[in-house]
Amino acid sequence: MSLKQISSFAAGQWVAPGAGARTIASAITGEPFATAGNDALDVQAMLAHARDVGGPALRRLTFHERAKMLKALAQALSERKQALYDLSFETGATQKDHLIDIDGGIGTMFVFASKGRREMPDGHVYLDGDVEQLSRNGTFLGQHVCTPLQGVAVHINAFNFPVWGMLEKLAPTLLAGVPAIVKPATNSCYVTELAVRIMLDSGILPDGALQLVSGGLGDMLDHLTCQDVVSFTGSADTAMKLRQNPVIVTNSVRFVAEQDSLNASILGPDAAPGTPEFDLFVKEVVREMTTKAGQKCTAIRRIIAPEAQVEALIAAISAKLAQTTIGDPRLDGTRMGALVSNGQKADVLAKASLIGQEAQRVFGDPDAFEVVGADAEKGAFVPPMLFYCADPDAARHVHDTEAFGPVSTIMGYRDLDHAIALANRGQGSLVTSLITHDPEVARQVVMGAAAFNGRIYINDRDSMQESTGHGSPLPHMVHGGPGRAGGGEEMGGVRGVKHYMQRTALQGSPRMLATIGRKWIPGAPEIQGPAHPFTRKFTELQIGETLHTAPRTITLDDIEHFAHFTGDTFYAHMNEDAAARNPFFPGRVAHGYLLLSFAAGLFVEPNEGPVLANTGLDGLRFMKPVVAGDSIKVRLTVKQKTRRTDEYGEMRWHVTLTNQDDEKVAEYELLTMNAY
Ligand code: NDP
């Protein structure tokens, strides 16, 4: 049988395997299946193509345009899901595993597309946090901004998630405006290659935005600069080797690593057999051990339970594991497929026997287990293996050896502090889960173990129906962990996009900062528009365009009327003596909401026009009380404009209410939807 030729995509060309190519075997049969790699790949040309062609093209687009691009890519992949599933079986993955890898990856891209449009500006500069007041009179301010790095992101991925592993890095990278060179692990690179082909064939990406290395990376890392990023997932040994590359060290190349992690799951002291939490714990553990045959960076490697529950837990977990049908992942009845390769199988068995030096195997025998529809000797099959460690304080391997397969060790704890100490022996994990119905237990575990974890997953009877699972990193939430987990962070919504951008502290006048950030700042020039701003379309309004209203005097009758009309007869508005005893008020004061209502009455243009709806109000502050006899006026300024659909966009208005002495009495941001 001829081998599948897995190509690279370099500088706009597909490059077939050549000298130095590696043979990839099927996980199911162990037979050679494909070949990938070419020593002649011109990695310097790839870097140049990304930097000179892909980067500038991406940076010309706004965050919103890039977000739309991500959505279109996700749709293109979604339409070709079946082809990805069909190919992915060869990696040993079951249909359920495909949902995590392929659907999970596409879903991650959709989330970044949506976050990009909702949480990032329709522009080129991301404003990071609020304006900092650096001067008494506000003529000199500070603002942090993020702009895209001008280099290339090199993504080095692990074999276990050939699609999700690529997309969870690619989505924030492209959204940031940075081109990527993806290097999947060779063992499963054929699935990644197909996903890349689908994206490139869709014609959605600008030239140079995405390139692929199937096989070895050559000396690419030796040519990186301070504008490049390496984002790595894989073993701790490789991470250590790569991050010590002299060029990476000398040029301070960003190196994000996500590596081996001895994740734990703690059963709360309250979760005895018979509680929903006990059953939930068993379910989560078994799912984590068997999904992707345990080849998940987030899988539960250490099961930490009250000493009194260990026996019952071993029995319950073993009973469920016994129902796991192992075999050809294409068969409907198969619950667990194969490891990715026989090399991984040998590695997992070696690591399991190391753990076996300190712990007793209580379930699963690698020398005696049934495989359905495939040859157990030829394919990379192993059974789920549960170990029991009687002395977890003295043990070492159970806390530092990651058997990257369906292998977990159960250990007992005396009290919650002991449980936390055992969990922290992982020396930095991607995730620790806690199954408890007691929020005080949850608080204690967070206080004791959060510093050692990138994520803490708490689940109980209230959340179990909708919970997402211990092992699922979510695009909204940070993925990564300290210490042994690599010290990196990925995803986490917009946080993940910033890993591919430079944060710069800008200092300057309001006029400078407002123009750079495309967002009006008090103190920046006001623009006099040709007509009332509510009569002007989204596209016509300019940032800084301002309306000053006439004043309106507030009377005691207004306050009385508002109080009885709304029912808000709070004493500060109704009772002169009581109000005067309050340290904040001189006597009876106008309601804050009365001021807002009058402000709207002052600035509104009543006729039908481009303003479609008032959608919100942010950052409201009442700064000075208003009493009967005071008069207020309003300044309404266009602060920011964000396109939302093809028909309308969101206007953010800066609204300031001042009194007859020009003192600020209230300030807020008003949101409206305006037609184009
Ligand atoms: P590796 O660390 O060997 O490989 C990870 C990635 O790095 C692959 O793409 C690999 O490419 C690449 N790579 C390896 N050496 C170099 C190099 N010198 N220069 C550039 N790239 C390189 O991990 P494996 O995938 O082989 O898995 C080994 C072990 O790592 C597992 O058994 C498991 O313990 C752990 N692991 C942990 C993961 C986690 O997320 N916690 C995920 C995956 C693995 P290539 O495949 O071509 O060698």
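The values are calculated or read from the model by the stated rules, or taken from the named source; none is laboratory data. Because the structure is predicted, anything quoted here is derived from the model rather than measured. So basically every Cβ, Gly included, is an ideal-geometry build from the backbone, and we count neighbours across all protein chains shown. Areas reflect the complete protein model, heavy atoms only, side chains present, ligands, DNA and RNA absent. Shrake-Rupley method; radii C 1.70, N 1.55, O 1.52, S 1.80 Å.
The table for this structure:
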item	result
FRET efficiency for residue 539 and residue 251, using Cβ-Cβ distance with R0 set to 51 Å, rounded to 0.05	0.70
Kirkwood estimate for the chain, i.e. one over the average of 1/r between Cα atoms, Å	28.3
Loop-located trypsin sites (Lys or Arg not before Pro) in the stretch 219-257, at most 12 other Cβ atoms within 10 Å (DSSP)	none
Surface share of carbon and sulfur [accessible, 1.4 angstrom probe, percent] for the stretch 210-342	53
Distance-filtered residues of the stretch 347-384 - backbone nitrogen under 12 Å, label point 7 angstrom along residue 322 Cα→Cβ	363-364
Area projected by the alpha carbon convex hull of the stretch 573-620, averaged over all directions, nm²	4.9
Centroid-to-centroid separation of the stretch 342-372 and the stretch 1-57 [C-alpha atoms, Å]	34
Taking N as its residue count, the alpha carbon Rg of the stretch 432-476 over 2.2 N^0.38 Å	1.15
Sequence-distant residues sharing a close amide H with residue 202 (under 5 Å, placed H)	none
Estimated inter-spin distance, residue 315 and residue 134, nm [label 7 Å along Cα→Cβ]	6.9
Residues residue 346 and residue 219, FRET efficiency given R0 of 30 Å [Cβ-Cβ distance, rounded to 0.05]	0.55
Relative contact order [Cα under 8 Å, 6+ residues apart], the chain, whole percent	13
Long-range HN-HN contacts of residue 410 with modeled amide H, under 5 Å	303, 387, 388, 389
Of 81/320; 292/345; 68/498; 71/519, pairs whose Cα-Cα distance is over 22 Å	81/320; 71/519
Amide H contacts under 5 Å for residue 501, placed H, 5+ residues apart	149
Angle in degrees between helix 310-321 and the longest Cα principal axis of the chain, rounded to the nearest 10	80
Length released on extending from residue 443 to residue 144, taking residue separation times 0.36 nm less the Cα-Cα span	104.3 nm
Where labels lie 7 Å past Cα in the beta-carbon direction, separation of residue 99 and residue 556 in nm	7.0
Karplus-derived HN-Hα couplings along the stretch 196-208 (A = 6.51, B = -1.76, C = 1.60, θ = phi - 60°), whole Hz, x at Gly and Pro	5, 4, 4, 5, 5, 5, 5, x, 7, 8, x, 3, x
Gain upon complete extension [residue 468, residue 451; 0.36 nm per residue less C-alpha separation]	3.9 nm
Centroid-to-centroid separation of the stretch 411-430 and the stretch 126-199 [C-alpha atoms, Å]	34
The stretch 212-266-the stretch 269-332 distance, computed between alpha-carbon centres (Å)	33
Theoretical gain in end-to-end length, residue 618 to residue 418 [0.36 nm per residue, Cα-Cα removed]	67.5 nm
Pair-distance profile P(r), taking every C-alpha pair of the stretch 216-360, with 5 angstrom steps and integer %	2, 8, 13, 16, 15, 12, 11, 9, 6, 5, 3, 0
Mean accessible surface per residue for the stretch 565-651, computed with a 1.4 Å probe while every protein chain stays in place, in Å²	55
Rounded D (µm²/s) - the stretch 512-629, Kirkwood Rh over Cα pairs, Stokes-Einstein at 20 °C, 1.002 mPa s	126
